[in-house]
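Colleague: Got a structure here, written out as structure tokens. Questions coming.
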Amino acid sequence: MNTLGLGTAGEVSSLECASDALVGPVAQHSNAALVMARDMGEQTANSTKSVLRLRTAAKAQALRVAIKVRGKILFINLGDVVAVHAKGKCVSLRQNASSYLLRESISVVAERLEAHGFIRIHRSVLVNATFVEEIWPLSTGEYCLRVEGGKEYTVTRTYKKNLQALAEFWIGTGALFPG
């Protein structure tokens, strides 16, 4: 017989009894640990779902465009494009450091990019509204627009109504855009 030899009659005196005495508390602790692990797993699963939702939203905002350049297909983030310029029968997508030529008319590109924050300011220019820093009126009835990086564009009278799409909410601009 295996004995622990703990002494008095009321105490545990064998390995069998000792294991029975320990199983109860260990089982309670392991059950608590399992419940905590399950809860942590649910929290992790919920966090993972939230991260996946955020990534999906970010991907929707960071739309990528495929462009054929020199026999290759290049993917660029539309959010990095500052402006689009017409060049004959083509358009040039301009980023801060580079530009890409695309065989498409400015009208077709303007129609496709309007839903993605691009506004037409000239018959041959579209700008990404997120890059616009400043606009001011000129004496000719036209406007001047500055984008990040300091590049300035003239907004012709035909397209000055499109400037209102630059912001959802305007304060104190009553005289700036006369009807």
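Colleague: Being within 21 Å of Val155 (Cβ to Cβ) and either within 21 Å of the chain's Cα centre (by Cα) or not basic (Lys, Arg) (or both) is the filter here; which residues of the stretch 78-94 pass it?
Modeller: Result: Val81, Val82, Ala83, Val84, His85, Ala86, Val91, Ser92, Leu93, Arg94.
Colleague: Out of (1) touching a residue at least 12 places away in the same chain (Cβ under 8 Å); (2) hydroxyl-bearing (Ser, Thr, Tyr); (3) surrounded by fewer than 16 Cβ atoms within 10 Å (Cβ to Cβ), the odd one out for Tyr159 is which?
Modeller: Tyr159 satisfies every listed condition except (3).
Colleague: Let me ask you something else. Answer yes if at least one residue in the stretch 165-172 is touching a strand residue (DSSP E or B) at 6+ places or on another chain (Cβ under 7 Å), at pLDDT below 90 and either surrounded by fewer than 11 Cβ atoms within 10 Å (Cβ to Cβ) or under 30 Å from Ser98 (Cα atoms) (or both), and no otherwise.
Modeller: Taking every residue of the stretch 165-172 in turn, at least one turns out to be touching a strand residue (DSSP E or B) at 6+ places or on another chain (Cβ under 7 Å), at pLDDT below 90 and either surrounded by fewer than 11 Cβ atoms within 10 Å (Cβ to Cβ) or under 30 Å from Ser98 (Cα atoms) (or both).
Colleague: Report the residue count in the stretch 109-141 for those that are aromatic (Phe, Trp, Tyr) and under 24 Å from the mean Cα position of the chain (by Cα).
Modeller: Going through the stretch 109-141 one residue at a time, the tally reaches 2.
Colleague: Consider only pairs whose beta carbons are under 6 Å apart and that are at least six residues apart or on different chains; among these, list those whose first residue lies in the stretch 69-93 and is in the same structural domain as Phe118 (by TED's automatic domain parsing) and whose second residue is buried (at least 17 other Cβ atoms within 10 Å of the Cβ) and basic (Lys, Arg).
Modeller: Partner pairs satisfying both residue conditions: Val82/Arg94; Ala83/Arg94.
The values are calculated or read from the model by the stated rules, or taken from the named source; none is laboratory data. Computed from a predicted structure; not experimentally measured. In this analysis, Cβ positions are derived from the backbone assuming ideal geometry, glycine residues included, and neighbour counts consider all displayed protein chains.
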